[in-house]
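Visitor: Mind looking over this structure? Questions follow.
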Amino acid sequence: MVNNAKTKIYPIEWHQENTEVSKQPEQYCGVYREMAEFLPDATIRKIWEHMGGLDVSFPKSLYSRDYIYSYIRKNMDTKKPGEIAKTVNLSERRVRQLIQEFRKEG
């Protein structure tokens, strides 16, 4: 490892659960540097330990279809379609369509 005057190495205590967001994101490489902008060092370390070397792509949808349908069914009588749409990242029109389908099913 090359250490010049501009680069400071900050050792991290891995045995401790550090919940602070990294104060030195520049110590990380590539995507880990991006994650260091909003994740604690301990979390980045865990991701690296479990996923390091893998090509990972994240789907646009955060929630499974089953969860989305369950959430809509549970909240369709208490929340506005717009609120539901924002929560599950669907269009308001699609939420209204699903509510109609669920009501027809009974």
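The values are calculated or read from the model by the stated rules, or taken from the named source; none is laboratory data. Because the structure is a prediction, the values reported are computed rather than measured. Methodologically, a virtual Cβ is constructed for each residue, glycine included, from the backbone with ideal geometry; neighbour enumeration extends over all protein chains shown.
Visitor: What are the pairs, 6+ residues apart or on separate chains, where a residue within segment 87-106 that is on the phi > 0 side of the Ramachandran plot has its Cβ under 8 Å from a residue that is assigned to a loop (DSSP other than H, G, I, E, B) and of a type in the set (Phe, Trp, Tyr)?
Guide: From residues that are on the phi > 0 side of the Ramachandran plot, the pairs are ASN89/TYR63.
Visitor: I need the full set of residues from segment 14-28 which are modelled with pLDDT under 90 and either touching a Leu at 6+ places or on another chain (Cβ under 8 Å) or in a loop (DSSP other than H, G, I, E, B) (or both), in order please.
Guide: Within segment 14-28, TRP14, HIS15, GLN16, GLU17, ASN18, THR19, GLU20, VAL21, SER22, LYS23, GLN24 qualify.
Visitor: Pairs please, first residue from segment 29-54 and among the small types (Gly, Ala, Ser), second anywhere and outside any helix (DSSP H, G or I), Cβ atoms under 7 Å, 6+ apart in sequence or on different chains.
Guide: Correct list of pairs: ALA36/SER22; ALA36/TYR28; ALA42/GLU17; ALA42/ASN18.
Visitor: Still on this structure, please answer the following. Is it fair to say THR78 is among the β-branched types (Val, Ile, Thr) and surrounded by 11 or more Cβ atoms within 10 Å (Cβ to Cβ)?
Guide: no
Visitor: Would you check which residues across segment 53-91 are over 21 Å from the mean Cα position of the chain (by Cα), farther than 17 Å from GLU101 by Cβ and part of a helix (DSSP H, G or I) and list them?
Guide: GLY82
Visitor: Across segment 26-59, what is the number of residues that are among the aromatic types (Phe, Trp, Tyr) and in contact with a helix residue (DSSP H, G or I) (Cβ under 9 Å, 6 or more places away or on another chain)?
Guide: Counting residues in segment 26-59 that are among the aromatic types (Phe, Trp, Tyr) and in contact with a helix residue (DSSP H, G or I) (Cβ under 9 Å, 6 or more places away or on another chain) gives 3.
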